[in-house]
């Protein structure tokens, strides 16, 4: 496999902040990189791209800017909302401004009411889960955020206007109202006495409307689906006219990142998570990549034992974990096995909806999160992909970074695959 360097922009360093910055997440990858990959794969308006781990839609937005149609899939409802809003440029900016005015007027009336907020499903979940007591969000900013949520609900908008307003809401709940910080894991900073929630919401929504005025004209289309990346072959109805020409994505890495924890406030304000059961439903759709979304009946590891390198890695992880005293260490070997087994399922499903000679670019990172054992993610996924019928065209280094858990320097790579084997 060839190894070469790719210029390494910082994550979230967007070339054009418009649209991308409507809502971002800590693990989003750069639009600089996506644009390079679109050009590298030679994609044009005749092609269709699949991003099976689309997150907040960076790949999809860049595809639209380049007149390339795309389909995105994500297991997190907050990410799906963000990606849908960011790829729908048909929203009328004037209507969005009018809706903002109505929401502000309703908010000002709602905020003066002293009843109802504690019965809100969002407040109830935050209280019962202990998030309020642990300082995720303070009383006054929470009350303002719930008043804003109520103001949006009262308008009873449907479709694209409602989605845009709710995206602006959850973005400011995290950025302005909450006490959470990311480094990259979520933690709670100093508790805020107050926060300018409605002002920040107005600024963000205004920015969205202005970006829509200037959005490039495109004949391309982006669809965003809530789903499990291990089952993307169920997208066959989206590939009915033609299969996908390429895949561009960045799947989760096998690391201790709980993707629902970092988006928990957003999920609560969207009422997608109201109790343990609803949270578990979303986690089960996700690739097993950390110890907090492992379940007794998980079985993806059954797809892993055929690979010598992976078996050797699993033994190394199990031996190293045996020396640890904390309870999560006993899950380390299972997480790694479930991850690579799940990615094998995913790759097999992708091949069923990818054209012959279709190209793939997977941005993945090496890891050392489990008992300090080095996990060469791209190399192992290349072995799995070859077994599933892909040709490996190369692994190229994208950037180096320092692991927040171990302090080790780890590499993020781009794994290039092609579906050209019978």
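The values are calculated or read from the model by the stated rules, or taken from the named source; none is laboratory data. Because the structure is predicted, anything quoted here is derived from the model rather than measured. Reconstructed Cβ throughout: ideal geometry from the backbone, glycine too, with neighbour counts over all protein chains shown.
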Problem - Residue list for the stretch 311-333, restricted to those being within 30 Å of residue 247 (Cα to Cα), buried (at least 20 other Cβ atoms within 10 Å of the Cβ) and more than 23 Å from the chain's Cα centre (by Cα) - result: 313, 314, 333
Exercise for the section: Can you give me the ranges of the helices (runs of 4 or more DSSP H) entirely in the stretch 77-148 with at least 2 residues that are under 23 Å from the mean Cα position of the chain (by Cα), under 30 Å from residue 193 (Cβ atoms) and outside the structural domain of residue 209 (by TED's automatic domain parsing)? Expected result: 77-86
Handout entry: Members of the stretch 130-148 that are touching a residue at least 40 places away in the same chain (Cβ under 8 Å), surrounded by 14 or more Cβ atoms within 10 Å (Cβ to Cβ) and over 29 Å from residue 209 (Cα atoms)
Key = 131, 135, 136, 138
Problem - Options 83, 99, 78: the member that is in contact with a strand residue (DSSP E or B) (Cβ under 8 Å, 6 or more places away or on another chain) and at pLDDT 95 or above - result: 83
Exercise for the section: With the checklist (1) outside the structural domain of residue 30 (by TED's automatic domain parsing); (2) out of contact with any strand residue (DSSP E or B) (no Cβ under 9 Å at 6 or more places or on another chain); (3) surrounded by fewer than 24 Cβ atoms within 10 Å (Cβ to Cβ); (4) in contact (Cβ under 8 Å) with a residue 12 or more places away in the chain in hand, flag the one item residue 276 doesn't pass. Expected result: (4)
Completion exercise
Counted residues in the stretch 173-189 being assigned to a helix (DSSP H, G or I) and surrounded by fewer than 17 Cβ atoms within 10 Å (Cβ to Cβ) come to 1
Handout entry: Per-region count, the stretch 270-298, residues part of a loop (DSSP other than H, G, I, E, B), touching a helix residue (DSSP H, G or I) at 6+ places or on another chain (Cβ under 8 Å) and at pLDDT below 95
Key = 8
Handout entry: the stretch 360-386: number of residues that are closer than 19 Å to residue 246 by Cα, touching a residue at least 40 places away in the same chain (Cβ under 8 Å) and either outside the structural domain of residue 339 (by TED's automatic domain parsing) or in contact with a helix residue (DSSP H, G or I) (Cβ under 8 Å, 6 or more places away or on another chain) (or both)
Key = 7
Practice task
Examine the stretch 65-75 for a residue that is over 23 Å from residue 219 (Cβ atoms), modelled with pLDDT of 95 or more, in a helix (DSSP H, G or I) and in contact with a strand residue (DSSP E or B) (Cβ under 8 Å, 6 or more places away or on another chain), and state whether such a residue exists.
Solution key: no
Exercise for the section: Taking the residues in the stretch 343-372 that are more than 23 Å from residue 298 (Cα to Cα) and out of contact with any strand residue (DSSP E or B) (no Cβ under 7 Å at 6 or more places or on another chain) as candidates, determine which candidate is modelled with the lowest pLDDT. Expected result: 372
Exercise for the section: Starting from residues that are without any contact (Cβ under 8 Å) to a residue 12 or more places away in the chain and under 23 Å from the mean Cα position of the chain (by Cα), keep the ones in the stretch 149-172 and report whichever is surrounded by the most Cβ atoms within 10 Å (Cβ to Cβ). Expected result: 162
Problem - Set 401, 418: member being at pLDDT 95 or above, surrounded by fewer than 23 Cβ atoms within 10 Å (Cβ to Cβ) and not in a helix (DSSP H, G or I) - result: 418
Completion exercise
Residue hits (the stretch 306-351; touching a residue at least 12 places away in the same chain (Cβ under 8 Å) and outside any helix (DSSP H, G or I)) are 306, 307, 323, 324
Exercise for the section: Collect the residues in the stretch 357-375 that are under 23 Å from the mean Cα position of the chain (by Cα) and either in a helix (DSSP H, G or I) or closer than 24 Å to residue 41 by Cβ (or both), keeping them in residue-number order. Expected result: 359, 360, 361, 362, 363, 364, 365, 366
Exercise for the section: Tell me, please, whether a residue that is touching a strand residue (DSSP E or B) at 6+ places or on another chain (Cβ under 8 Å) and either in contact (Cβ under 8 Å) with a residue 24 or more places away in the chain or assigned by TED's automatic domain parsing to the domain that holds residue 150 (or both) can be found in the stretch 197-212. Expected result: no
